[in-house]
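Working notes, structure below.
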Amino acid sequence: MSKTIISVSNLVKNYGQFQAVKGISFEVYEGEIFGLLGPNGAGKSTTLEIIETLREKTSGEVIVDGINLDKNPNEIKKIIGVQLQSSGYYPGLNLLQLIQLFCGLYNRDVAPMELLEMVNLKDKAKSQFKQLSGGQKQRFSVATTLINEPRIIFLDEPTTGLDPQARRSLWELVKNIRSRGTTVIITTHYMDEAEYLCDRVAIIDSGNIVALDTPDQMIDKLVATGFERPKEVKKANLEDVFIKLTGHSLREE
Ligand code: ADP
Ligand code: MG
């Protein structure tokens, strides 16, 4: 049986009169990649930020690794890794210095070059964050979530705006992180990404969870209703062409 590491019950978030999250409940299992899928404005970031202790909830209960959010938010902070927005990085420092700074803040002793190697940025150790390409920036921000050796990391739309090569590179990084035992919660509105990466997904729409299952089960359930896709006449799509012509290797160096 899978062990629950995050439990969210009847979570509600009101912004004034507007209810952005309408009493949702779900569990995330230890060691899985869990996807929160939904269109813009569905309430994904709000939900994530509440669990991350960065935003106040209106009501409901959140338990992370046995820790109640209402009682011990600081204990939750210690075991999670959160992607910071780029504006949070000191502009004058290079990647190596930034990681050393984070290590100091978290009082951790990770080897900065090993971390940069893991996210394929060893060559950029002496570059500043602003000099990186979009994909490199995202990989660096994922690296910073790992500095406190968290049990769970939260990634909010990490591949939005990336080219196909950079997207695939980030997917492999996420799989790699999970293979080391870290639980990953990721939001996305790319269904191919969710299908490739996620063990289970919750589809959230206008503040409600409308489905929660493995991608395969969701597809099987839809097919069981008699749904059939218009027959695919082509055995490849334009993205296949693009990747075939331009290769899988990253183009940002
Ligand atoms: P998602 O991440 O799925 O795109 P969000 O959680 O960011 O959705 O937002 C959900 C809804 O709440 C949206 O309608 C958004 O406009 C609204 N919202 C988000 N943050 C605030 C805020 N600070 N004040 C008022 N409304 C907000
Ligand atoms: Mg969002």
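The values are calculated or read from the model by the stated rules, or taken from the named source; none is laboratory data. Please read all numbers here as calculations on a predicted model, not as lab measurements. Note: ideal-geometry Cβ built from the backbone for every residue, glycine included; neighbour counts use all protein chains shown. With ligands, DNA and RNA removed, areas are computed over all heavy atoms of the protein, side chains included. Shrake-Rupley method; radii C 1.70, N 1.55, O 1.52, S 1.80 Å.
When the test is whether a residue is in contact with a strand residue (DSSP E or B) (Cβ under 6 Å, 6 or more places away or on another chain), of a type in the set (S, T, N, Q), free of Cβ contacts under 8 Å to residues at least 40 places away in the same chain and more than 18 Å from Asn176 (Cβ to Cβ), Gln128 passes it. Filtered by the rule that a residue be more than 15 Å from ligand 2 (Cβ to nearest atom) and touching a residue at least 60 places away in the same chain (Cβ under 8 Å), the stretch 200-215 gives Arg200, Val201, Asn208, Ile209, Leu212.
When you check Leu96 against the structure, is it in contact with a Pro (Cβ under 7 Å, 6 or more places away or on another chain) and either more than 18 Å from Glu30 (Cβ to Cβ) or open to solvent by 10 Å² or more (accessible area, probe 1.4 Å) (or both), yes or no? Yes; evaluated as a whole, the condition is true for this residue.
Just one of the listed residues (Gly66, Gly60) is of a type in the set (Gly, Ala, Ser), open to solvent by 60 Å² or more (accessible area, probe 1.4 Å) and modelled with pLDDT of 95 or more, namely Gly66.
Here's the yes/no breakdown for (1) surrounded by 11 or more Cβ atoms within 10 Å (Cβ to Cβ); (2) touching a Gly at 6+ places or on another chain (Cβ under 7 Å):
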| position | (1), (2) |
| --- | --- |
| Glu172 | yes, no |
| Thr188 | yes, yes |
| Val210 | yes, no |
| Asp213 | yes, no |
| Asp220 | yes, no |
| Lys235 | no, no |
| Lys244 | no, no |
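Among Thr159, Thr183, which is the only one that is within 24 Å of Ser2 (Cβ to Cβ), surrounded by 13 or more Cβ atoms within 10 Å (Cβ to Cβ) and touching a strand residue (DSSP E or B) at 6+ places or on another chain (Cβ under 9 Å)? Selected residue: Thr183, the only one of Thr159, Thr183 that is within 24 Å of Ser2 (Cβ to Cβ), surrounded by 13 or more Cβ atoms within 10 Å (Cβ to Cβ) and touching a strand residue (DSSP E or B) at 6+ places or on another chain (Cβ under 9 Å). Selection within the stretch 127-180: residues that are in a strand (DSSP E or B) and within 16 Å of ligand 2 (Cβ to nearest atom). The member of this set that is farthest from Gly66 (Cα to Cα) is Asp156. Just to be sure, is Thr53 within 15 Å of ligand 1 (Cβ to nearest atom) and touching a Lys or Arg at 6+ places or on another chain (Cβ under 9 Å)? Against the criterion (within 15 Å of ligand 1 (Cβ to nearest atom) and touching a Lys or Arg at 6+ places or on another chain (Cβ under 9 Å)), Thr53 does not qualify. Applying a threshold of 7 Å to beta carbon distances and a minimum spacing of six or more residues, or different chains, the list of pairs starting in the stretch 146-165 at a residue that is over 30 Å from Asn237 (Cβ atoms) and ending at one that is within 15 Å of ligand 1 (Cβ to nearest atom) reads Ile152/Ile185; Phe154/Leu48; Phe154/Glu52; Phe154/Val82; Phe154/Gln83; Phe154/Ile185. For the stretch 1-39, taking the residues that are outside any strand (DSSP E or B) and charged (D, E, K, R), the one that is surrounded by the most Cβ atoms within 10 Å (Cβ to Cβ) is identified as Glu32.
Residues that are within 16 Å of ligand 1 (Cβ to nearest atom) and touching a helix residue (DSSP H, G or I) at 6+ places or on another chain (Cβ under 8 Å) do occur in the stretch 171-186, at least one of them. A Cβ distance below 8 Å, combined with a sequence gap of six or more or placement on separate chains, defines the contacts here; from the stretch 46-74, residues that are outside any loop (DSSP other than H, G, I, E, B) reach residues that are within 14 Å of ligand 2 (Cβ to nearest atom) and open to solvent by 30 Å² or more (accessible area, probe 1.4 Å) in the pairs Thr46/Arg55; Leu48/Asp156; Glu49/Arg55.
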